[in-house]
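Undergrad: Here it is, the structure, as structure tokens.
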Amino acid sequence: MPRASKALPEKLYASAIHWEGWTFHVLSSAAGLRLVDLHGTPFTTLGERLSARVVPDDEPNAPVLAEVREYLRGTRRTFDLPLDLRGTSFQLSVWHAVAGIPYGAVLTYGELAREVGHASATRAVGQAVGANPAALVVPCHRVVGASGSLVGYAGGLPLKERLLALERGSLSL
């Protein structure tokens with residue numbers, strides 16, 4: 001009796017970026033950027049979470065690493081990277097809208113909900129923003145609370161504050 005072949009897990013290339021005491025892990029597939037982890041989560045843990053085979057390799061990630069480093073130095077305002085994001089159609093629409101928030105600008109969750117055509121779905125939009133797998137590149141740090149207050153960020157509010165300060169051209173808040 002023939003044995004069923006088991007599909008190999010997808011291969012993702014992993015790299016680390018260190019900036020001002022933070023460590024970010026970048027995972028890319030052959031199709032594009034899949035994940036920017038803001039916590040420096042071990043590659044093995046990320047691989048388990050994504051059901052993928054994670055291989056440390058900076059070469060396939062060279063374009064991502066270059067653009068993120070330029071952004072963190074304050075010399076890049078937009079990203080020109082292929083993305084390979086996985087989510088629901090609603091999440092993808094929210095992430096696309098977030099990617100369109102201009103450098104240095106902020107948008108409230110309510111404004112974002114209206115922009116994606118779901119004005120009464122502010123909470124769902126917030127959940128989609130929170131599930132953004134490509135932080136920094138899809139700049140969810142630019143989404144703020146209704147009063148303009150800094151709320152909710154996967155990397156923590158100190159990182160959100162620092163990224164917004166970077167975009168405003170100041171070294172500290």
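Undergrad: Kindly provide the set of residues from the stretch 103-113 that are surrounded by fewer than 17 Cβ atoms within 10 Å (Cβ to Cβ) and either closer than 17 Å to residue 146 by Cβ or out of contact with any helix residue (DSSP H, G or I) (no Cβ under 8 Å at 6 or more places or on another chain) (or both), ordered by number. I'd like the intermediate steps shown before the answer.
TA: The first filter runs over the stretch 103-113 and keeps only residues surrounded by fewer than 17 Cβ atoms within 10 Å (Cβ to Cβ), leaving 103-105, 110.
The answer is 105, 110.
Undergrad: Could you tell me which of the residues 81, 107 is more than 13 Å from the chain's Cα centre (by Cα) and not charged (D, E, K, R)?
TA: Exactly one of 81, 107 is more than 13 Å from the chain's Cα centre (by Cα) and not charged (D, E, K, R), namely 107.
Undergrad: Moving to a separate point now. Residues of the stretch 49-82 being of a type in the set (A, V, I, L, M, F, W, C) and either surrounded by 15 or more Cβ atoms within 10 Å (Cβ to Cβ) or in contact with a strand residue (DSSP E or B) (Cβ under 9 Å, 6 or more places away or on another chain) (or both), which ones?
TA: Taking the stretch 49-82 and keeping what is of a type in the set (A, V, I, L, M, F, W, C), we get 50, 52, 54-55, 62, 64-66, 68, 72, 79, 81.
Those that are of a type in the set (A, V, I, L, M, F, W, C) and either surrounded by 15 or more Cβ atoms within 10 Å (Cβ to Cβ) or in contact with a strand residue (DSSP E or B) (Cβ under 9 Å, 6 or more places away or on another chain) (or both): 50, 52, 54, 55, 62, 64, 65, 68, 72, 79, 81.
Undergrad: Is it the case, given these coordinates, that residue 84 is touching a Ser or Thr at 6+ places or on another chain (Cβ under 6 Å) and within 20 Å of residue 33 (Cβ to Cβ)?
TA: Against the criterion (touching a Ser or Thr at 6+ places or on another chain (Cβ under 6 Å) and within 20 Å of residue 33 (Cβ to Cβ)), residue 84 qualifies.
Taken together, the values in this text are just the output of simple stated rules run on the coordinates, not laboratory data. In this text the structure is predicted, and so the values were computed from the model without any measurement. Every residue, glycine as well, gets a Cβ built from its backbone with ideal geometry; the counts of neighbours run over all protein chains shown.
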